Amino acid sequence: MPEGQIRTNWKEEVQKQKRERRLQIIGTARTLLSLAVSLLALAFAVAAFLR
């Protein structure tokens, strides 16, 4: 395999890994945001119940 092709494949693999990592971070952020919203809703429900 020519050296240029190896370099191209390596660059593509690095880009793919970066993209996968970015998507993983976005997924984690969405999960944490969803959890925060759920906890906020729960806190309001408890506050309303205790009134």
Discussion item. Under a crude label model (7 Å from the Cα following the beta-carbon direction), how far is Ala45 from Glu13 in nanometres?
Written reply: 4.8 nm
Practice prompt. Tell me which label goes with the value of percent of Cα pairs over 15 Å apart computed from the coordinates here: [x] 57; [y] 42; [z] 68.
Written response: [z]
Worksheet, complete the sentence: The ³J(HN,Hα) series, computed from each phi in segment 2-10 with the Karplus coefficients 6.51, -1.76 and 1.60 at θ = phi - 60°, rounded to the nearest Hz and given as x for glycine or proline, is x, 4, x, 5, 4, 4, 5, 4, 5
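Computing the accessible area with a 1.4 Å probe over protein heavy atoms, can you report the carbon and sulfur percentage for the chain? Please report the intermediate quantities before stating the final value.
On the way: 3230 of 5070 Å².
Whole-percent figure for carbon plus sulfur exposure: 64.
The values are calculated or read from the model by the stated rules, or taken from the named source; none is laboratory data. Model, not experiment: these values are computed from the prediction. When we count neighbours, we look across all protein chains shown, and the Cβ atoms used for this are built from the backbone with ideal geometry, even at glycine. Heavy atoms of the whole protein, side chains included, go into the accessibility calculation; ligands, DNA and RNA do not. Shrake-Rupley method; radii C 1.70, N 1.55, O 1.52, S 1.80 Å.
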